[in-house]
Amino acid sequence: MKRVVVTGFGAISPLGHDWTSVEARLRAGRNVVQIMPDWADYRGLNVRIAAPAAPFELPPERYHRKRLRSMGRVAIMATRASELALADAGLLDDPLLSSGRMGIAYGSSTGTPAAASDFARMLYEKTTDGLAATTYIKMMSHTAAVNVGVYFGITGRIVTTSSACTSGSQGIGYAYEAIQSGKQVAMLAGGAEEMDVTEAAIFDTLFATSTGHNETPELSPRPFDSARDGMVLGEGACTLVLEELEHALARGATIHAEVLGYGTNSDGRHVTQPSADTMAVAMQLALDDAGLAPSDIGYINAHGTATEHGDIAESQATHALFGNKAPISSLKSYMGHTLGACGALEAWMSIEMMRAGWFAPTLNLSEPDPRCAELDYLVGGGRALQTDIVMSNNFAFGGINTSLIFRRWQR
């Protein structure tokens, strides 16, 4: 089996778009959740807070009208994050992209919601006014992956991972497997999600959103805390360039980390109520794939959504394998739940924290819920910690579970 390494990162996130900016915000110990004034206009919507992506610019010479006409915001963020990742990897405009040896594994929960509303308006008003040739392309669930492929002329395989909160982590996992098996030499992997009031409404109707801090956004979300009251939405995109080790070494690439293991499975029980048992199995699958024991993991990035069922099940699953020996924290406490992007954003940030030797705490975790398992929750000022191996976990509606393991690069 081929060894797989990470040679490029690119991101659009609520915390910033490069590690220097993100690390500064993590160390500042304050989230970027904000009040969304326009959401008050929607009758029946209870949540008023979210974490939009930080402002970003598109180089006009590369992002002109012709190239953007098939893209909604989710595809634009995915494409820009992929461009940054390719540049970081030294592969931007490289012949490898169109060789058939490089592919894409990328996902989002959905396409651009505004495009879907155009079709909804058609049904309601019984007219096709407002529909365009590109409306469906912006709406379709695989719009991010397809637009990235077209923009960069990538001709290898495309794996579209529209699996809600595991879209980004499955993108990384399936890219890893494609390279590991020798089917591709390199892959763009990750996920994206754009902020939209309709997505807020989805989770609001499921009683999953934070509604008790509409005037105090800095106090939510509160993963694993006894006073948590639900999740906060975020948005963004993140792309990792994964590459076969020998190919990366031959071209003199900078290697950021090695992908050691990936595990994924499904609960097979309930769409919205997670199972601790199968969550634990997903983590064990990743450990088995990496040939590691639980004691080898130096840090766990939790999915940590601040929902009751999710936090309790995840903590119990983690304790079943690791006891209270592995430090754990949730980055959603800083940037909200970025849905399709979270698996990739959190994997990137976990690798960077490992390289920095410092791991961010879970914000707003004052008193762990007694129903959550006893874990080594990082709180306060974070923790200086030297480790060579980290795990990043994500669990999605539908009972889809993922676990990724990364190692500090070493020959």
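The values are calculated or read from the model by the stated rules, or taken from the named source; none is laboratory data. None of these values were measured; they are calculated from a predicted model. Ideal geometry is used to build each Cβ from the backbone, glycine not excepted, and the neighbour counts take in all protein chains shown. Ligands, DNA and RNA are stripped out before the accessible areas are found, and what is left, the full protein with its side chains, is counted by its heavy atoms. Shrake-Rupley method; radii C 1.70, N 1.55, O 1.52, S 1.80 Å.
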Across all Cα atoms of segment 1-156, Rg and the largest Cα-Cα distance (Dmax), in Å, are 18.4, 56
With all protein chains present, the chain has a carbon and sulfur share of its accessible area (1.4 Å probe) in percent of 51 percent
Tell me which GluC sites (Glu not before Pro) from segment 328-397 have a DSSP coil assignment and no more than 12 other beta carbons within 10 Å of their own.
374
Accessible area in the full protein assembly, largest first, 1.4 Å probe, for 94, 41
41, 94
Rounded if a/c under 1.5, otherwise prolate or oblate - the chain, Cα gyration tensor axes
oblate
Please give the calculated 222 nm ellipticity per residue for the chain, where each DSSP H segment of at least 4 residues contributes -39500 (n - 2.57) and the sum is spread over every residue; nearest 500 deg cm²/dmol?
-10000 deg cm²/dmol
Check residue 261: other-chain or 5+ apart residues with amide H under 5 Å from its amide H, H built from backbone geometry?
405
For the peptides 380-388, 298-306, 125-133, what is the packing order when you average, over each peptide's residues, the other Cβ atoms within 10 Å and list the highest mean first?
298-306, 380-388, 125-133
So if I restrict to the alpha-carbon atoms in segment 72-210, what is the Rg, and what is Dmax, the biggest pairwise distance, in Å?
16.6, 51
Based on the mean of other Cβ atoms within 10 Å per residue, sort peptides 210-216, 138-144, 248-254 so the most packed one is first.
138-144, 210-216, 248-254
Please report how far the C-alpha centroid of segment 353-407 lies from that of segment 48-113, rounded to the nearest whole angstrom.
28 Å
Order 269, 73, most accessible first, counting only protein heavy atoms with a 1.4 angstrom probe.
269, 73
Expressed in nm to one decimal, what extension gain is obtained for the pair residue 94 and residue 121 from 0.36 nm per residue of sequence separation less their Cα-Cα distance?
5.4 nm
With the chain treated as a Gaussian network of Cα nodes joined by springs under 10 Å, which of 314, 61, 177 yields the largest mean-square fluctuation?
61
HN-Hα J in Hz across segment 158-166 - Karplus 6.51, -1.76, 1.60, θ = phi - 60°, x for Gly and Pro
10, 10, 9, 10, 8, 10, 6, 6, 10
Kyte-Doolittle mean at least 0.0 and Cα axial length at least 15 Å: DSSP H helices in the chain:
73-89, 113-125, 276-290, 342-356
Over segment 268-411, consider all pairs of different Cα atoms and compute the Kirkwood hydrodynamic radius from their mean reciprocal separation; express it in Å, one decimal.
15.1 Å
Shape call for segment 262-306 from the C-alpha gyration tensor, a ≥ b ≥ c root eigenvalues: rounded (a/c under 1.5), prolate (a/b greater than b/c) or oblate?
oblate
So, taking all protein chains as they sit and a 1.4 Å probe, how much accessible area belongs to residue 174, in Å² rounded to tens?
70 Å²
Nonlocal amide H pairs with residue 303, under 5 Å, H built at 1.01 Å:
393
